[in-house]
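Any read-out appearing in this document is the output of simple, stated calculations on the displayed coordinates, not a laboratory observation. Quantities reported herein were computed from a predicted structural model and do not represent experimental measurements. For neighbour counting, all protein chains shown are included, and Cβ atoms are generated from backbone atoms with ideal geometry for every residue, glycine included.
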Amino acid sequence: MKLFSVSISLKSQANYFFQKIIHKQFFSSSFTRKLKSENGLESKSLYRRISPLGDPNVSIVPVLDQWIREGNTVNKPQLQQIINELRFYKRFIHALEVSQWMTDKQYCHMNSSDVAIRMNLMFSVYGLEQVENYFDTIPAKLKVYAHVALLNCYVRAKSVDKAEAIMQKARDMGYVTRPVWYNMMMKLYYKLEKWKKLDDLMNEMEEKGIPLDRYTLAIRLSAYAAASDPAGMDKIVSIMQSDSHIVLDWNMYAIVGQGYLRVGFVDKASGNAA
């Protein structure tokens, strides 16, 4: 595996991976910025009305209502695309308004991904208490994704006790079968520099036969570098090299390169890892 020296900080590269964990592993089926559908032009026209209203204190609900009064139609995929576009630009209040309007005014049934996205929007707008209140109202059939979304909110809030409690509850219910659960807990422990907890989670994944993915490895690699542990870094690099299922890209190489630079291994940062 070819490594190279880069000027971007290890923390910046690690954070890039952390931010992608939810989108790639959890919301990937619904997250897209492209406003395309069978009625894509109509969807774009509605978004063009919403887009200029950048003030979060100005509700966009009247614009949505006016759109319908004019005889226009809009379907759920179009509204989901608009929500994702607003999220991309961090217009969380307006994205939440569209989410709520979609179900309250258009009577669209929510699926698991819709629920998870709404929970994360509610956290951004209102905070944990509102998310927890909403979680209690979610139908049982949508609870799997709702649990992982709630875990994500606890991680964002750095609420260790609540995150560990919901993780254990999910284990007991048989939900914890994918790397995303562990990656989020590892993200939390990384932020708090609880390195031993990271090893415990990776050991649990191995015991349960849950594969490590590149996000798992990126977090652990960054933690080893932060702890100035070159032997640990070598172990993770070896796993990365030997597992053909791990897809590596420039960002992963940058984390490896910066990690070795941090512990003074210039040759490994700029050459071939042993």
Self-check item: Residue-span extension gain [residue 89 to residue 70] - 0.36 nm each, minus C-alpha spacing
Solution: 4.1 nm
Practice problem: Please tell me which of these pairs span more than 31 angstrom C-alpha to C-alpha: 76/194; 162/208; 105/158; 158/268; 76/187? | Solution: 76/194; 105/158; 158/268; 76/187
Quiz item: R0 = 41 Å: FRET efficiency of residue 207 with residue 250, Cβ-based, nearest 0.05?
Solution: 0.80
Quiz prompt | Alpha-carbon radius of gyration plus Dmax, which is the widest Cα pair, for region 10-270 in Å | solution = 20.7, 66
Exercise. Can you tell me which of 114-122, 100-108 comes out highest on packing, and rank the rest after it, using the mean Cβ neighbours within 10 Å?
Key: 114-122, 100-108
Quiz item: Can you give the Rg to Rh ratio of region 181-247, both from alpha-carbon atoms, with Rh computed by the Kirkwood formula?
Solution: 0.93
